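Derivation of every value follows stated rules applied to the coordinates shown; laboratory data play no part. Every value quoted in this text rests on a predicted model; they were computed, and no experiment measured them. Cβ sites come from the backbone with ideal geometry, for glycine too, and all protein chains shown count toward neighbours.
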Amino acid sequence: MTWLEDSALADALRGLGVWSYGLINLVHIMGLSCLFGAIVILDLRLMQFSSHIAIKTVARITVPIAKFGALLAIPSGFSMLTINTTQYYENPFFYLKLPLLGLALANFLFISRTGAWRREINDLVKRQGDSFVLASAGFASLLLWTGVLTCGRMIGYW
């Protein structure tokens, strides 16, 4: 972690000025807002809320927003880590956030590759159990991403 904090990237980010960390944090929050907001909407739909709206329709709107949010949140989060790496060293929330983030991303990869998801997105004939698979994945996603956000927020208070 000391190596990362002493890296050229960290020096460059700190060299941007006194407002650099705050601006990077703002980009991170904006990314998380897009990411989590889109995920909540899609996950609730997967869990059968507003079942009159097709999952395909919800996904067409929310998935690109979530991806955009991730494109903001991940590099800005790494940048914040780089600037203050040694402050994270003894923070238990940091060590909880990383595996939760990995599990949340793995859940997304899992669900997007299931037959139940492909059948929903491509308007194919549904199979028995598809709703349960999608609802379970949506519930797991909501729990995992809530955990990621909670740990991320608590990092600042440790």
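Just a few scattered comments:
- Taking Lys and Arg as +1 and Asp and Glu as -1, the other residues whose beta-carbon sits under 15 Å from that of ALA54 total +3.
- Among TYR88, TYR95, sorting on how many other beta-carbon atoms sit within 10 Å of each Cβ, with the fewest leading, yields TYR95, TYR88.
- Separation between Cα centres of segment 13-53 and segment 57-94, rounded to whole Å: 8
- Relative contact order, whole percent, for segment 2-155 stands at 32, derived from Cα pairs under 8 Å and 6 or more residues apart.
- Debye log10 I(q)/I(0) for segment 2-155, one point scatterer per Cα, at q = 0.13 Å⁻¹: -0.65
- The order of HIS28, HIS52, going from fewest to most other C-beta atoms within 10 Å of their C-beta, is HIS52, HIS28.
- Ranked list, fewest to most other Cβ atoms within 10 Å of each Cβ, for GLU120, GLU90: GLU90, GLU120
- Within a Gaussian network of the chain (alpha carbon springs, distance under 10 Å), most fluctuating of VAL40, VAL148, VAL18: VAL18
- Selection from TYR88, LEU149, PHE108 lying farthest towards where the dipole of the chain points positive, charges on Cβ: PHE108
- Pairwise label distance in nanometres, ILE53 with PHE68, each label 7 Å out on the Cα-Cβ vector: 1.6
- Nearest-0.05 FRET efficiency for GLU90 and ALA8, computed from C-beta distance (R0 30 Å): 0.75
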